[in-house]
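A quick write-up on the structure given underneath.
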Amino acid sequence: MAETLSADVAVVGGGPAGLAAAIAASAAGASTVLVDEGSRIGGQVWRHRDRASLPRTARELLERFDASAARHLSGASVVDARPGELVLVQGGDVIRLSARRIVIATGARELLLPFPGWTLPNVFGVGGLQALIKAGLDVRGRRIVIAGTGPLLLPVAATAVRHGAHVVLVAEQASRGALARFGLALLASPSGGKLVDAVRYRLAFRQAAFHTGTWIARAEGTDRVRQVTLASGRRTWHEPCDLVATACGLIPNGELGALLGCARAGAAIVVNERQETSVPGVFAAGECTGVGGEDLALVEGAVAGLVAGGRKPGRALMAGRRQLRRLAAAMTRAFAPRRELLARCEPGTIICRCEDVRCDALRGEWGSRQARLVTRAGMGACQGRVCGAALHALLGWDLPVVRPPVSPMSAAAYAELNAES
Amino acid sequence: MTGAGRPDVVVVGAGIVGAACARELALAGLRVLICESAFPGAGTTSAGMGHIVVMDDSPAQLALTALSRRLWQELEPELPPSCEDSRPGTLWIAGGPDEMHMVREKAVAYAEAGVRTEVLDATALAAAEPNLRPGLSGALLVPDDRVLYPPGAARWLLEDACARGADLRVGVRVTAIEGGRVSVEAGSGAEVLTCGAVVLATGVDAAQLVPGLPVVPRKGHLVITERYPGLIRHQLVELGYLHSAHAMSGASTAFNLQPRPTGQVLIGSSRELVGRDGSVNRRIAADMVRRAVEFVPALARCVTTRTWTGFRPATPDSLPLIGAWRNFPGLYVAAGHEGLGITTATGTAALIRAMLAGGNPPVDPAPFDPMRAMPALEAA
Amino acid sequence: MSRPLIMVRLNGADLRVEEGTSVAAALLNAGVAHFRSSPDGTPRGPVCGMGTCQECRVTIDGVPHQRSCMIECAAGMRVETGGLDG
């Protein structure tokens, strides 16, 4: 039998945006529940085993959350939703959470674009490597190649080195010019202090080479990755390695918004400056509305929480939001995947990992629905979250339609999805 | 078009029924043009379970499904891996002892149609299907029932048709049918094609081109699980399935489980008349899954990954429309197959071939006459 | 900071792990790269580290298809790897 809960405001996602939203809504007097899939709060960027390892901003926000009246549902996945109600699975139990206002703060995931050998074991995402290290992966003495794009690269490299890894090199696919332009935009923004962080991270992994305009062309190995081929336009070369951390930036986790009927721009949930989506009573904040970094996520979360809680965000907060949105746009421009990253696939390169669909099984003119029906690409366990995003980037195909279960759920739990639709 | 001259037949719709008809007509030496508005199998063909199952809702259905299954069996050596053809058989399950007489009656009816079956008592049923809940009385095993992957099968049927001279035009929507003429809209603009005959195989859309054709969409839900090879070995159906398939009003669910070659378990089935609303009805889908868990308790811990809906093309008397629509000279209908479109695609194609290219129909076509008297269609 | 150690069973053998370690991290530390097999039988392991890609699935306490990157080790937990069904 499903447990039922109700609140004024339900926040989905326990990263910076979700925490800020829950704190703000609760402070506004709204009864608030924060739902998070992870076993600990913090989302991806503030993933931790011990709070002491987190930056001060994060620790303070977590303390404010603990001190607030907001309730925390940990290890709970949203499997279904309608405006006004979320259906969660926590452990084996089904929870029906009714809430007049829903704030979606589901963050972003890495854009994993296929390349030859990307399915070899020990090829992780960039954030994936960091998540694993924070969850206890022992990287002492391991040779690691890190190749990706965007601000995430630096703290991940620093984390790896701090945990004893031998980081062979760090490759940023954006050009030096694009990086420089972004650096200037950063300086001009409220997040200018991040440049200091960037320098600190770079110093932390100073023994590793940092290349711009460089990416992974292929990975090779038998039972696991043994070496990668790097390319920079001018030259290619091989690096033997034990682990690879590679991705092509981030894409918003907009699926819950799609399920609720919210308008999206690509993967991102569309919001106005009050963080309202196109569906009344549904808000969204942070990376799920467009990748924009931690500072913007904190501001958007605060705005969403205030508005959902029936308050009006102050002028300073809104001004900060505008400036940080401009920075987010600069970030998107600077770190957009270069065309070489979209052209690495060979005929035998796996595109859909869940169903083992090769590149040569797909025809560009099909579109995602026909591809799914002919090859089953996108029909597997991840429901197109990896290959759908890749094909959207590579071929402009539509992202998959989202239906329940949004996260995999047991048949026993499914049998309790019994509200009228 | 490749060949010069007008086609003998235009087949409208490249779902499994259109594809099978096109292939049969091409085999008969006719010049065939297939017009498909989206892509092969884009409609109901890609939404269903892909079962090939003998059903005895009526003598006509029994005859058509038995014939069709035999024809699929004959095709089996030619089917490529993309058809994912498998032969798990079907178990028609008797919930209680009062249903065992239905099992025995069914066995007799199937035997008369030349279909091999075996009556299983409770012990034999538990041995055949260990994960079924205890307390069931028995079942009818139909060992030769099959499953395949309909989009793959439709594509192969079309490829084979084209290898035998048929022409397939995709992205071409037929907008009007008259005697000897078909109006189409393609990317390049509107055209009028002359032809000998037309076979309308557009499933749930059939009434759009031929107003008055008694075909309505009957919505179904399906849920699929992750891979659990060996959880069930046969297709499992409760005997009450036929009652659900009969009823033309209201919503109903009937227990139906299918093992796919991948090891995934497909959970069905539901029926309702709600026009073209394809949204997932949580109550119906949950009810369907709950019923499945009641029959196979081990399913409870299995992870479900997807839900989807589809529309069966249903007729008021549960039999398809196969034959001449005599209000329109030269128009033949091959539509309205409800939940048996995959199964009876082959039998339908054989009937259509006999009608257009001559020869004895392999079963009596009269029950499928599109002009037959029908009970009134109930409003959705 | 050293954390208390707990015992889990990996493919029938005892494995000592730090409390708070995810199952995925524990498996990788134990040298396991082949968490499960893809439909074509090729070995797969964790990628996204955050529960999205589903590649890290293993069988935990007899229940298959568990995302090991999302689950913390618990004392006495039984983990099995290498199957098609996680």
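The values are calculated or read from the model by the stated rules, or taken from the named source; none is laboratory data. All figures in this text were calculated on a predicted structure; none of them were measured in a lab. Cβ sites come from the backbone with ideal geometry, for glycine too, and all protein chains shown count toward neighbours.
Quick notes
- So B:Ala292, is it farther than 25 Å from B:Met55 by Cβ, touching a strand residue (DSSP E or B) at 6+ places or on another chain (Cβ under 9 Å), at pLDDT 95 or above and not in a strand (DSSP E or B): no
- Where strands (runs of 3 or more DSSP E) fall entirely within segment A:1-94, those with at least 2 residues that are closer than 21 Å to A:Ala108 by Cα and of a type outside the set (A, V, I, L, M) are at A:76-82.
- Any chance A:Gly141 is without any contact (Cβ under 8 Å) to a residue 60 or more places away in the chain and closer than 22 Å to A:Glu220 by Cβ: yes
- Of residues in segment B:186-229 being assigned to a loop (DSSP other than H, G, I, E, B) and within 14 Å of another protein chain (Cβ to nearest Cβ), the one surrounded by the most Cβ atoms within 10 Å (Cβ to Cβ): B:Tyr228
- Scanning segment A:152-187 for residues being assigned to a loop (DSSP other than H, G, I, E, B) and either surrounded by 19 or more Cβ atoms within 10 Å (Cβ to Cβ) or without any contact (Cβ under 8 Å) to a residue 24 or more places away in the chain (or both) gives a total of 4.
- Residue within segment A:61-70 that is among the basic types (Lys, Arg) and under 20 Å from the mean Cα position of the chain (by Cα) present: no
- Within segment C:43-64, if we keep just the residues that are outside any loop (DSSP other than H, G, I, E, B) and facing chain A (nearest Cβ under 7 Å), the residue that is surrounded by the most Cβ atoms within 10 Å (Cβ to Cβ) turns out to be C:Arg44.
- Selection count where residues are under 18 Å from B:Ile34 (Cβ atoms) and either among the β-branched types (Val, Ile, Thr) or over 20 Å from the mean Cα position of the chain (by Cα) (or both), scope segment B:313-341: 4
- For segment B:51-109, the candidate set comprises residues that are surrounded by fewer than 21 Cβ atoms within 10 Å (Cβ to Cβ) and among the basic types (Lys, Arg); within that set, the residue that is nearest to the chain's Cα centre (by Cα) is B:Arg70.
- Restricted to strands (runs of 3 or more DSSP E) entirely inside segment A:240-299, those with at least 2 residues that are under 26 Å from A:Ala7 (Cα atoms) are A:282-284.
- Neighbours by Cβ (under 7 Å, 6+ apart or cross-chain): first from segment B:307-324, farther than 18 Å from B:Pro59 by Cα; second among the polar types (S, T, N, Q): B:Gly310/B:Thr44; B:Phe311/B:Thr44; B:Arg312/B:Thr44; B:Pro313/B:Thr44
- Test: residue in segment B:108-126 that is charged (D, E, K, R) and in contact with a helix residue (DSSP H, G or I) (Cβ under 7 Å, 6 or more places away or on another chain): no
- Subset of segment A:356-376 that is modelled with pLDDT under 95 and within 14 Å of chain C (Cβ to nearest Cβ) - its residue that is nearest to the chain's Cα centre (by Cα): A:Arg376
- Within segment C:52-82, the only residue that satisfies the criterion of being hydroxyl-bearing (Ser, Thr, Tyr) and without any contact (Cβ under 8 Å) to a residue 12 or more places away in the chain is C:Thr52.
- For segment B:269-283, the criterion of a residue being of a type in the set (A, V, I, L, M, F, W, C), under 30 Å from B:Tyr228 (Cα atoms) and either touching a residue at least 12 places away in the same chain (Cβ under 8 Å) or within 14 Å of chain A (Cβ to nearest Cβ) (or both) is satisfied by at least one position.
Yes or no, residue by residue, for (1) touching a Gly at 6+ places or on another chain (Cβ under 7 Å); (2) on the phi < 0 side of the Ramachandran plot:
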| site | (1), (2) |
| --- | --- |
| B:Cys35 | no, yes |
| B:Ala47 | yes, yes |
| B:Gly50 | no, no |
| B:Val54 | no, yes |
| B:Ser58 | no, yes |
| B:Ala66 | yes, yes |
| B:Arg69 | no, yes |
| B:Leu75 | no, yes |
| B:Ile93 | no, yes |
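- Matching residues, segment C:2-29, being at negative phi, within 10 Å of chain A (Cβ to nearest Cβ) and assigned to a loop (DSSP other than H, G, I, E, B): C:Arg3, C:Glu19, C:Thr21
- The one condition in (1) more than 14 Å from chain A (Cβ to nearest Cβ); (2) within 24 Å of A:Met379 (Cα to Cα) that B:Arg31 fails to fulfil: (2)
- Criterion (touching a strand residue (DSSP E or B) at 6+ places or on another chain (Cβ under 9 Å), under 30 Å from B:Arg233 (Cα atoms) and among the aliphatic types (A, V, I, L, M)) met by exactly one of B:Leu331, B:Leu356, B:Leu319, B:Leu340: B:Leu340
- Screening A:Leu154, A:Leu132, A:Leu112, A:Leu179 for residues that are within 29 Å of A:His392 (Cβ to Cβ), of a type in the set (A, V, I, L, M) and touching a Lys or Arg at 6+ places or on another chain (Cβ under 8 Å) leaves exactly one candidate, A:Leu154.
- Residue count for segment A:240-276 under the criterion of being away from chain C (no Cβ under 12 Å) and among the charged types (D, E, K, R): the result is 4.
- Subset of segment A:106-129 [over 30 Å from A:Val87 (Cα atoms), crowded, with 24+ Cβ neighbours inside 10 Å and within 9 Å of chain C (Cβ to nearest Cβ)]: A:Val123, A:Phe124, A:Leu129
- Taking the criterion of being under 17 Å from A:Ser278 (Cβ atoms) and in contact with a helix residue (DSSP H, G or I) (Cβ under 9 Å, 6 or more places away or on another chain), the residues of segment A:72-99 that qualify are A:Ala81, A:Arg82.
- Sole exception among (1) in contact with a helix residue (DSSP H, G or I) (Cβ under 8 Å, 6 or more places away or on another chain); (2) within 21 Å of A:Gly293 (Cα to Cα); (3) modelled with pLDDT of 95 or more for A:Glu37, by number: (3)
- Among (1) within 13 Å of chain C (Cβ to nearest Cβ); (2) outside any loop (DSSP other than H, G, I, E, B); (3) touching a residue at least 12 places away in the same chain (Cβ under 8 Å) - the single one A:Val103 does not satisfy: (1)
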